[in-house]
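The values are calculated or read from the model by the stated rules, or taken from the named source; none is laboratory data. Because the structure is a prediction, the values reported are computed rather than measured. No Cβ is skipped: glycine too gets one built from the backbone with ideal geometry, and neighbour counts run over all protein chains shown. Keep in mind that these areas ignore ligands, DNA and RNA; they rest on the heavy atoms of the full protein, side chains included. Shrake-Rupley method; radii C 1.70, N 1.55, O 1.52, S 1.80 Å.
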Amino acid sequence: MSLIGGDTVGAKGGSPSKADTAEETKPPEPFGTDGTITLTDVGADLEDGEPCSGTGGYSDIDFGAQVNITDAVGTLVATSSLGLGEKTEAGCAFAFTVDEITPGSKFYTVEVSHRGGLTQTETELRAGGLEFTLGD
């Protein structure tokens, strides 16, 4: 006696195996982003490409300043810090890279130092190349 059309666990056309189900429910991988924050009107006496840093009221914007990314409910999901400042035509630019951002939020807030955050979507963060300016 044989069963015709019986269930075959894990085989094509049958019920999924535990391994198949685990793979389908695996959480999305963390992602990264990068960008720059530029202080305008800083380093006027410097040549393009020279190192620079925030001065006066912007002295907190400098190499090592913290970059925080929070999700839509305000939970800190990733941190990093600013790289060295470099004089550009626009001012003093600081590059940053943030890795291991937890995916799945409707939006994220990117904040450098204590300067208030700017809202970005996950798609915008994943694309990278963020450009922020601070100053007059």
- Nearest-0.05 FRET efficiency for residue 118 and residue 47 at R0 = 35 Å, using Cβ-Cβ distance, is 0.75
- Query: Over the heavy atoms of residue 59, what accessible area does a 1.4 Å probe trace out, to the nearest 10 Å²?
  - Reply: 70
- The long-range amide H neighbours of residue 132, using H built 1.01 Å from N in the peptide plane and a cut-off of under 5 Å, are 36, 37, 38
- For the pair residue 132 and residue 107, what calculated FRET efficiency results from E = 1/(1 + (r/R0)^6), where r is the Cβ-Cβ distance and R0 = 25 Å, to the nearest 0.05? 0.95
